[in-house]
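Input: a single structure, listed below in structure tokens.
The values are calculated or read from the model by the stated rules, or taken from the named source; none is laboratory data. Everything quoted here is computed from the prediction, not taken from an experiment. Glycine gets a Cβ as well: all are built from the backbone with ideal geometry, and neighbour counts include every protein chain shown. These accessible areas exclude ligands, DNA and RNA; they are computed on the full protein's heavy atoms, side chains included. Shrake-Rupley method; radii C 1.70, N 1.55, O 1.52, S 1.80 Å.
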Amino acid sequence: MKKIKLMLVLALFAMVTAVSAQVSLGVKGGINMSNLYGDELDNENVKIGFNVGLLADIDFSFNSAIQTGLFFTTKGYKYDSGNLDYTENLMYIQLPVHYAYKIDVTPGTRVVFHAGPYAAYGVGGSRKLDAGELGSLEVDKIFGDGMSQYKPFDAGLGLGVGAEFGPILVDLGWDMGLVNISNTSNGNVKNQNAYLSVGYKF
């Protein structure tokens, strides 16, 4: 709860700062490499997914900015062992609020370091099991109150490094979930996700 309160305070600070700042809007999308970690899941494989959405870059002082936006992103994990192929695909709407420090390299080119909290809400997903000759199974409702479902709310911290080439952006980052999304009393499952994105600022 203390971590969530801290993230809300940081988000409020970002919105207050943005009142007199210069705002640039754009689009961004890319590839995710996600996993779930915790007491229940120790040796799961990375699942490839994607992220896409609208970004806002809020410059409020020399070489400093708040980076935020609203993104559709897929997380989860994939397990593959012999004839058994199991995938959990978790779909979220995610709102990051990162402080960014930009270093000028050449005219029009800057290296960007950024870090901060994110909040996300699960909007869909599925579980898929393929056991070869034994058959397959797919479940669509992955978020809910059931013991085999996940809580829809997620929040955590992210960091990354990127570059700006005029209006074109390249970004490499990592998000670490801090919220236990398991519905079981002794469960401890959290999201983690690495991503590579490209974007364009209007």
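Compared with the alpha-carbon gap, the fully stretched path from Leu25 to Val52 is longer by 8.3 nm at 0.36 nm per residue. Summarising the label geometry, the points placed 7 Å from Cα in the beta-carbon direction at Leu159 and Ser64 lie 1.9 nm from one another. As a ratio to 2.2 N^0.38 Å, the alpha-carbon radius of gyration for segment 123-194 is 1.54. Taking the three principal axes of the alpha carbon atoms in the chain, the coordinate ranges are 60, 34, 24 Å, sorted in descending order. The count of lysine pairs in segment 81-202 that are at least 8 places apart or cross chains, and whose C-alpha atoms lie under 20 Å apart, stands at 7. Gain on full extension, evaluated as 0.36 nm per residue between Ser148 and Thr184 minus their Cα-Cα distance, stands at 12.2 nm.
Counting only protein heavy atoms and a probe of 1.4 Å, the accessible surface of the chain is 66% carbon and sulfur.
From its DSSP helices (H runs of at least four residues, each -39,500 (n - 2.57)), the chain gives a residue-normalised ellipticity at 222 nm of -2500 deg cm²/dmol. Counting only alpha carbon atoms, the long axis of helix 2-17 and the longest principal axis of the chain meet at about 30°.
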